[in-house]
Each structure stands twice: as C-alpha cells, then as structure tokens.
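Here the structure comes first, spelled out in structure tokens, and everything after it is commentary.
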Amino acid sequence: MSLNSKGEKVPTTRVWSWSQFFNGVRRGRMPISVVLTLFIIPLAVGVAVITWALTYGAALASASTLADSLQSQILSGIAGAFTSRIQTVERAVDEHTCNWRDGHYSAATDADKFKAADVLLNSLVPNVASYSALHFTLVPEGAQWGADSSTLQNQSWFYIMAQHGLHFEYYSVDPDGSNMALTDLTSDDNMTDIDWKNSSSAAWTKPYMWATWGYLTHSRAIFQNGTFIGVQGGDFSLEFVGDTLRELAGALSYRGFIYAFDLDESGDTLIGSSINYEEADFYRRNSSGDPVGLWRLPELAANHTYWEPVRVLHAHLLRNTRNGTLYDYITQSNRPETLEFQLSDGVYIVQMRQLSSLNLRWGIVHFVRRDDILAELTRSNKKTAGSVAGVVVGGMVITVIFSFFLAQALHRITRDLVLLSDFKFKDVLQKDLEKGSEVARPTYSRIAEL
C-alpha cells in the first residue's frame, strides 16, 4: 500500500520489488512469478531430457542396424566384384573349349599350336584386367601352350608360351602378336600348373604360387571328335583380390579389416587382405626369402603380430566348429549374422559372406570398429543436444517473461479488489463520479479493461 495526496492508503502500482519478495518469503508466500518459474522450468528441462534420452536410444538402435546394413552392402559389393571376375575367366575358358570342340583350333603340329596360342593372345589383350593368362595343356605329353601377361602400375606386357616335351619356351610379344622374341624365362622344367590328366568337365585349382605371385586356374576338358586331347585353362592373379580389398577399405571412413580366404575343409588359405604389403607379409618364404606358398589361417593366427583380427577369428572358430575352419563355420545355417570381437584398440563388428562357383569356395570376412560407426552418431547427437539446450533456455526465458506479466496482471486485479472493498468505484472503473475529485487513481485498471 502507498499514500495518495490526501493521505489515503491506496494499493501500490509497483508489480514487484525486492522488499516485497523478501517480505513474502518471510511470510511463507513467494511471489507468483517465482512459483511459476520454479514449476515450469524443471518441467521443461525434464521433458527435454526425457525426449533426448528416448531419441538417443532410438538413434543408437538405428545406428547398429545401419552398421549391419552397411557391412552387408560392402560384402555384397566385394562378392559381386569377385564373382564377376570369376565368371569372366570361366566364360573365356568355355569359349575356347568350344573352339577346340568345333575344330577351329588344332594341335597337330607346332605351327597349329602357335596359331591357337596367337588366338588366345587376341582374347587376352583386351581382357587383361580380368585374367592374366589363357593356355591349353595337351595329352599325353603334358605340354603347355598359350598366352600370358604381366601387369605393373597399369602397364601390361604379353608373352607366348610354347612347350616341347620338357623344354619350355617363353616369348615376349607385342599386343598385336608381332615382334615375338625368346626370353630368358625359357627352361627345361615342366611348367604345368594343373592336373592335365583330369578329364572332368570343369574345375578350379586351389591357390598356388608361380614365380612370385599367387594364382588360381580354371580348367575345362578339351574334346575333339569325342576324344579327350587336353585341358583349356585360364588364370588370374590373386593380386586382384588384395587390390580390390585395399581399394575398398581405403574408401571407407571407418577403421576396419577385410580378408578373403579360399575355403577348404582341411584348412583355409588367405588369398587377399586390405592390409598393405608394407605392413605384413602375405607369403611363406624359404631361407632365401623367396615366396613359396600362401599362409593358412592357423599359421597367420599363430605366427604374425600383424594379424590380430585373424588370431581372434581363429579362436572363435576353434570354439564353435569341429575342426576350427572358416569353411565349417561359414556354411552353418544357424550361425549369427553379426559377431563382436574385442581387439586391442576396441570392439569390432564382424560379418562374413561366402561365394562359390563350381568347386571354388571363398569366404570374405569384414571387421569394422564399432566406435567409428557410432562416432558419426555421437557428433549428430551433440548437435541435437545443443539444439535441445537452446530450446530449453529459450523456453526458460519465455517462462520468466510469461510469469512476470502474469504476476503483474494478478497483482493489478488484487489491487482493484482492494479498492472495491473500500467502495472506491471511481478508482476501479477509471471514471469520475464527482467532478473536481482529487482522488489519486491508478493509471490502469484490469477491471476497466474487462
């Protein structure tokens, strides 16, 4: 209350003051603005936190589903690239087998064999990115003829192979078949890479070493006039497998490892990895350091510090298969789609995929670090948290302003009610009932407004 010019007590027009606040607190009556603020702000914060928690949980589940889907798509892409290469070799071998069957090629004389080898070269040159050699091995001598290539940094060199008994000749040749010249690779060793005595319809060899590289050969029996005369074959280098895996791994923003194994019940052989050559050796070597073979999975797990993921994988296979092979595990119909392995630098999510053609069985294993997948979610979540915090702060400011004006309105109504209780209708209604009145009136009346 305050005094007017006549010394009469009238309600004060001030909405809020510190003295009113402390007097109200001492009487146990806090200002309405404070009460409303203390109620609405915790409510707003609580709702925001619950909403964020529920959103984060859903986002975390979605991230896990997305990670599984991402890995599945990556494995599908790898399997597709490998299958395409495998089928390209098979089609090339089938085509030339048909040419033998239809009499377009002949092995009657060395000149006929050179002519057939020259046709194989014409087929190899435009497809050198898909396979590295096309050749035929004749019975009963086991002599191998055909076209070969070597590729380094996108540049390819081509060769004609000719074998007379145990005397093997290797000719460098231009892509058009000209300038054929004998090379120093000529030897008196039997260079046969496949079992030429096998007259079965078609088959793939197991991975093998030739010179300093690993290879696979697809072969199909050659028949002329119903007589088995040899085997038509096509090779591709296992370098393609490693190059594909490294290229794909380098394009991903997540830390991970990709391995490709040739599957066999007697043991699985590593044929490619996303690890760079500078980081690990892919071949078993003799005392002179020359590569003599490809690593088996247990050998990698036991002997190489660079192969921690393979070691953990092998331990899992030993626990969950009868013979500890990926072949046995990956063919199980009830195996889980996704695994989690603890490595030294974190938890990795692991998926596997099998591909097959004829007797060829490959297994692809993809490791990806879980924290890297969730890192993107965490960054998005921080942005979301900042947005939520901004909304909460804005809501708090609006709440304070709303509470202030609400308290102001309530205070004026209270003042008008006090005036009414004193029958001071002029002051309440903002109208002079008697002219010349000097009664001090409020400058604003809520009741007059109503």
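The values are calculated or read from the model by the stated rules, or taken from the named source; none is laboratory data. As the structure is a computational prediction, the values presented were derived from the model and not from experiment. Glycine also receives a Cβ, built like all others from the backbone with ideal geometry; neighbour counts cover every protein chain displayed. To get the accessible areas, we keep the full protein, side chains included, count just its heavy atoms, and leave off ligands, DNA and RNA. Shrake-Rupley method; radii C 1.70, N 1.55, O 1.52, S 1.80 Å.
Quick check, is Ser287 open to solvent by 20 Å² or more (accessible area, probe 1.4 Å) and either among the hydroxyl-bearing types (Ser, Thr, Tyr) or without any contact (Cβ under 8 Å) to a residue 12 or more places away in the chain (or both)? Spelling it out, Ser287 is indeed open to solvent by 20 Å² or more (accessible area, probe 1.4 Å) and either among the hydroxyl-bearing types (Ser, Thr, Tyr) or without any contact (Cβ under 8 Å) to a residue 12 or more places away in the chain (or both).
Is at least one residue of the range 90-102 of a type outside the set (Val, Ile, Thr) and over 20 Å from His218 (Cα atoms)? Checked against the condition, which is being of a type outside the set (Val, Ile, Thr) and over 20 Å from His218 (Cα atoms), the range 90-102 yields at least one hit. Any chance the range 114-135 includes a residue that's part of a strand (DSSP E or B), open to solvent by less than 40 Å² (accessible area, probe 1.4 Å), within 15 Å of Ile229 (Cβ to Cβ) and touching a Gly at 6+ places or on another chain (Cβ under 8 Å)? Among the residues of the range 114-135, at least one is part of a strand (DSSP E or B), open to solvent by less than 40 Å² (accessible area, probe 1.4 Å), within 15 Å of Ile229 (Cβ to Cβ) and touching a Gly at 6+ places or on another chain (Cβ under 8 Å), which makes the answer yes. When Asn122, Asn154, Asn179 are checked against the criterion of being modelled with pLDDT of 90 or more and of a type outside the set (Asp, Glu), Asn122 stands alone in meeting it. Reported count of residues in the range 242-253, each being touching a residue at least 60 places away in the same chain (Cβ under 8 Å) and surrounded by fewer than 20 Cβ atoms within 10 Å (Cβ to Cβ), is 4.
The number of residues in the range 297-326 that are open to solvent by 70 Å² or more (accessible area, probe 1.4 Å) and either under 19 Å from Ala260 (Cβ atoms) or not in a helix (DSSP H, G or I) (or both) comes to 3. Scanning the range 152-167 for residues being surrounded by fewer than 16 Cβ atoms within 10 Å (Cβ to Cβ) and either touching a residue at least 40 places away in the same chain (Cβ under 8 Å) or in a helix (DSSP H, G or I) (or both) gives a total of 1. Of the numbered criteria (1) assigned to a loop (DSSP other than H, G, I, E, B); (2) farther than 20 Å from Gly230 by Cβ; (3) of a type outside the set (Val, Ile, Thr), the one Tyr171 fails is (1).
Out of Arg220, Arg255, Arg311, one residue alone is at pLDDT 90 or above, within 27 Å of the chain's Cα centre (by Cα) and of a type in the set (Lys, Arg). It is Arg311. Residue count for the range 79-112, restricted to those that are open to solvent by 50 Å² or more (accessible area, probe 1.4 Å), among the basic types (Lys, Arg) and under 27 Å from the mean Cα position of the chain (by Cα): 0. Within the bounds of the range 230-241, is there any residue that is part of a helix (DSSP H, G or I), among the hydrophobic types (A, V, I, L, M, F, W, C) and surrounded by 15 or more Cβ atoms within 10 Å (Cβ to Cβ)? Taking every residue of the range 230-241 in turn, at least one turns out to be part of a helix (DSSP H, G or I), among the hydrophobic types (A, V, I, L, M, F, W, C) and surrounded by 15 or more Cβ atoms within 10 Å (Cβ to Cβ). Just so you know, in the range 339-393 the residues that are part of a helix (DSSP H, G or I) and among the hydroxyl-bearing types (Ser, Thr, Tyr) include one that is modelled with the highest pLDDT, and it is Ser387.
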